[in-house]
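Notes follow the structure.
The values are calculated or read from the model by the stated rules, or taken from the named source; none is laboratory data. What you are looking at is a predicted structure, and each value in this text was computed from that prediction instead of being measured. Using ideal geometry, Cβ is built from the backbone for each residue, glycine included, and neighbour counts are taken over all protein chains shown. With ligands, DNA and RNA removed, areas are computed over all heavy atoms of the protein, side chains included. Shrake-Rupley method; radii C 1.70, N 1.55, O 1.52, S 1.80 Å.
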Amino acid sequence: MRKALRWLLSLVVLIGTVSAAGATAGAATAAEPTTGTDIKDRVLAIPGMSLIEEKPYAGYRYFVLNYTQPVDHRHPDKGTFKQRITLLHKDTNRPTVMFTSGYNVSTTPRRSEPTAIIDGNQVSVEYRFFTPSRPDPANWSKLDIWQAASDQHRIFAALKKIYTKNWLTTGGSKGGMTATYYERFYPRDMDGVVAYVAPNDVVNKEDSAYDRFFEKVGTKECRDKLNAVQREALVRREPLEAIYTKYAADNGYTFKTVGSLDRAYEAVVLDYVWAFWQYSLLADCEAIPVAKTATDQQIWDSVDAISGFSFYADQGLTPYTPYYYQAGTELGSPDIKQPHLGGLSRYGYQPPRNFVPRDIPMHFKPWVMRSVDSWVRHNARQMMFVYGQNDPWGAEQFRLGKGTRDSYVYVVPGGNHGSNVAGLVPDQKAAATAAILKWAGVAPAAVQQDAAKAKPLTKYDAKLDKRDVEREPALRP
């Protein structure tokens, strides 16, 4: 799965904007536990739990914590590591949402869309092997989806004794994948799953769905405009690589992992069209330059703004080594043909192996995603998948079969990789919100009678529901 740098929505679902709605009668407002023991003391009494810091937030208690986990859940005596988690505490009488981005955890108080909908607590989990939640020494064979799901299971088992009401799990993109895998391995833990924009690469070598997507996404005018800039960036490789060389020298960038500046340059350019549709909207096509009349600097600026020339440097790749390792061992990664480039591409879409240091061994296990897909199709219970119509990652979705119950797949019209329940058409938005409230055990009587009346139980909070914007790779889930 490719990566590119862009100003983008970081942790898109964790901090997804929730449609403003008045607090429903009966929703909790207190941020203190109902027992006489302070919530911090109760949480820290859990074996293996330690406090990093507490940050105040009106109406909540917010803690950044470490939780001691086995490196190998099959052999817990073989060493441990500290996994970073955060707790946004509302009240022990409220339901709880377990969130993960599938990457690092944010240590700024934020609220996921399901957390805002149900007016609940939120436990956010950093994915194993993303620093600082990495064993030392790092045995990379212990980075797999079962081990990560087992991390979540242990956290749930420890905190369920305090937060006894219903639990949901959620996440966006790789976080949505993570929520799905957790449900697959521990289907008795959660009362519901809300997985946003979660790719489902069942057969890694079969990627024609992506080619079909790029033939139809948006409008022909926009597709042609993007393709022309991408092609022009390869036609003008020599002068643009001269700009890149200076840019890398000025910033101290090196290219040992990917192999050369030329390889890095082409990887960024090949990400351009995918990255645009992943994080932009059709209306943003107006800002794309006309390739034939654009200057070298205008081509550079457009590719940099959408793909990001810093990412394939060692300094950009290193934080995401765990992701590329998983893409090359279990998750799979897409490959697209891009025929409009003709013979200008020297390397094609490079595989995950090219973005992981060579001293880390990798071996792909094709049966893993097939097993997950089959389980979802036949066993999904109270699971919801939300996709964006114009998001490339939605070209290969999770799908539901005859054996599933109370589960749904929704698509946001014109939506990108930041799609959420709030962006659905009104009747689907109400139905999805009603299901989330029901799974959490907090659906008001009026909603139980009529799903069309479903609304979030909290008001929009400009800080807590804010979308953080930071430089981060785009072309990865």
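Looking at Glu232, Glu183, can you tell me which residue is crowded, with 17+ Cβ neighbours inside 10 Å and closer than 30 Å to Ala434 by Cα? Outline the logic, then answer.
Numbers: Glu232 fails: closer than 30 Å to Ala434 by Cα.
The unique qualifying residue is Glu183.
Which condition number does Lys402 fail, the rest of (1) in contact (Cβ under 8 Å) with a residue 40 or more places away in the chain; (2) more than 21 Å from Lys216 (Cβ to Cβ); (3) surrounded by fewer than 20 Cβ atoms within 10 Å (Cβ to Cβ) being met?
Every listed condition holds for Lys402 apart from (1).
Return the residue satisfying two criteria in turn: it lies in the stretch 376-399 and is charged (D, E, K, R) and surrounded by fewer than 21 Cβ atoms within 10 Å (Cβ to Cβ), and of such residues it is nearest to the chain's Cα centre (by Cα). Working first, answer last.
Narrowing the stretch 376-399 to residues charged (D, E, K, R): 377, 381, 391, 396, 399.
Adding the requirement that they be surrounded by fewer than 21 Cβ atoms within 10 Å (Cβ to Cβ) leaves 377, 381, 399.
Values: Arg377: 22, Arg381: 22, Arg399: 18 Å.
My answer is Arg399.
Quickly run through the stretch 186-213 and pick out the residues that are in contact (Cβ under 8 Å) with a residue 40 or more places away in the chain and open to solvent by 10 Å² or more (accessible area, probe 1.4 Å).
Filtering the stretch 186-213 for residues in contact (Cβ under 8 Å) with a residue 40 or more places away in the chain gives 187, 190-204, 207, 209-213.
Correct list: Pro187, Met190, Asp191, Val202, Val203, Asn204, Asp207, Ala209, Asp211, Arg212, Phe213.
Considering only residues that are among the aromatic types (Phe, Trp, Tyr) and open to solvent by 30 Å² or more (accessible area, probe 1.4 Å), look in the stretch 341-365 and name the one that is farthest from Ile145 (Cα to Cα).
Taking the stretch 341-365 as the starting set, the residues that turn out to be among the aromatic types (Phe, Trp, Tyr) are 347, 349, 355, 364.
Filter once more, keeping what is open to solvent by 30 Å² or more (accessible area, probe 1.4 Å): 347, 364.
Working: Tyr347: 30, Phe364: 13 Å.
In this case the residue turns out to be Tyr347.
Consider only pairs whose beta carbons are under 7 Å apart and that are at least six residues apart or on different chains; among these, list those whose first residue lies in the stretch 99-126 and is at positive phi and whose second residue is hydroxyl-bearing (Ser, Thr, Tyr).
Partner pairs satisfying both residue conditions: Gly102/Tyr127; Gly102/Ser173; Gly102/Thr178; Asp119/Thr458.
If you take the residues in the stretch 431-454 that are out of contact with any Pro (no Cβ under 9 Å at 6 or more places or on another chain) and not in a helix (DSSP H, G or I), which one is farthest from Tyr408 (Cα to Cα)?
Step one: list which residues in the stretch 431-454 are out of contact with any Pro (no Cβ under 9 Å at 6 or more places or on another chain), which gives 431-432, 434-435, 438, 443-451.
Now drop any that are not not in a helix (DSSP H, G or I), which leaves 443-444, 450.
Values: Ala443: 18, Pro444: 21, Asp450: 18 Å.
Here the answer is Pro444.
Could you tell me which of the residues Lys337, Lys365 is modelled with pLDDT under 95 and either in contact with an Asp or Glu (Cβ under 9 Å, 6 or more places away or on another chain) or small (Gly, Ala, Ser) (or both)? Give the derivation first.
Numbers: Lys365 fails: modelled with pLDDT under 95.
Result: Lys337 is the single residue among Lys337, Lys365 that is modelled with pLDDT under 95 and either in contact with an Asp or Glu (Cβ under 9 Å, 6 or more places away or on another chain) or small (Gly, Ala, Ser) (or both).
From Gln315, Gln338, Gln298, grab the single residue that is open to solvent by 40 Å² or more (accessible area, probe 1.4 Å) and closer than 28 Å to Val217 by Cβ.
Details: Gln315 fails: closer than 28 Å to Val217 by Cβ; Gln338 fails: open to solvent by 40 Å² or more (accessible area, probe 1.4 Å).
Being open to solvent by 40 Å² or more (accessible area, probe 1.4 Å) and closer than 28 Å to Val217 by Cβ holds for just one of Gln315, Gln338, Gln298, which is Gln298.
Just one of the numbered conditions (1) farther than 21 Å from His417 by Cα; (2) touching a residue at least 12 places away in the same chain (Cβ under 8 Å); (3) of a type in the set (A, V, I, L, M, F, W, C) is not true of Ala138; which one?
(2)
Which one is surrounded by the most Cβ atoms within 10 Å (Cβ to Cβ), of the residues in the stretch 161-180 that are among the hydrophobic types (A, V, I, L, M, F, W, C) and under 30 Å from Gly414 (Cα atoms)? Step through it out loud before you land on a result.
Initially, the stretch 161-180 is screened for residues among the hydrophobic types (A, V, I, L, M, F, W, C), giving 162, 167-168, 177, 179.
Cutting the leftovers down to under 30 Å from Gly414 (Cα atoms) gives us 168, 177, 179.
Numbers: Leu168: 28, Met177: 27, Ala179: 30.
So the residue we want is Ala179.
Looking only at the stretch 45-102, filter to residues that are small (Gly, Ala, Ser) and part of a loop (DSSP other than H, G, I, E, B); which one of those is farthest from the chain's Cα centre (by Cα)?
So in the stretch 45-102, the residues small (Gly, Ala, Ser) come out as 45, 48, 50, 58-59, 79, 101-102.
Then drop every residue that is not part of a loop (DSSP other than H, G, I, E, B), which leaves 45, 48, 58-59, 79, 101-102.
Numbers: Ala45: 31, Gly48: 27, Ala58: 27, Gly59: 27, Gly79: 28, Ser101: 5, Gly102: 6 Å.
My answer is Ala45.
Restricting to the stretch 243-257, what's the tally of residues that are open to solvent by 10 Å² or more (accessible area, probe 1.4 Å) and either in contact with a strand residue (DSSP E or B) (Cβ under 7 Å, 6 or more places away or on another chain) or in contact (Cβ under 8 Å) with a residue 24 or more places away in the chain (or both)? Before you say what the answer is, go through the steps one by one.
We begin by selecting, within the stretch 243-257, every residue open to solvent by 10 Å² or more (accessible area, probe 1.4 Å); these are 243, 245-247, 249-257.
In the following step, the residues that additionally are either in contact with a strand residue (DSSP E or B) (Cβ under 7 Å, 6 or more places away or on another chain) or in contact (Cβ under 8 Å) with a residue 24 or more places away in the chain (or both) were identified as 243, 247, 251-257.
The qualifying residues number 9.
Hey, any hits in the stretch 117-131 for a residue that's open to solvent by less than 10 Å² (accessible area, probe 1.4 Å), in contact with a Pro (Cβ under 9 Å, 6 or more places away or on another chain), β-branched (Val, Ile, Thr) and in a helix (DSSP H, G or I)?
The answer is yes, given that some residue of the stretch 117-131 is open to solvent by less than 10 Å² (accessible area, probe 1.4 Å), in contact with a Pro (Cβ under 9 Å, 6 or more places away or on another chain), β-branched (Val, Ile, Thr) and in a helix (DSSP H, G or I).
Could you check how many residues of the stretch 263-290 are part of a helix (DSSP H, G or I), over 25 Å from the mean Cα position of the chain (by Cα) and over 14 Å from Phe355 (Cα atoms)?
Counting residues in the stretch 263-290 that are part of a helix (DSSP H, G or I), over 25 Å from the mean Cα position of the chain (by Cα) and over 14 Å from Phe355 (Cα atoms) gives 2.
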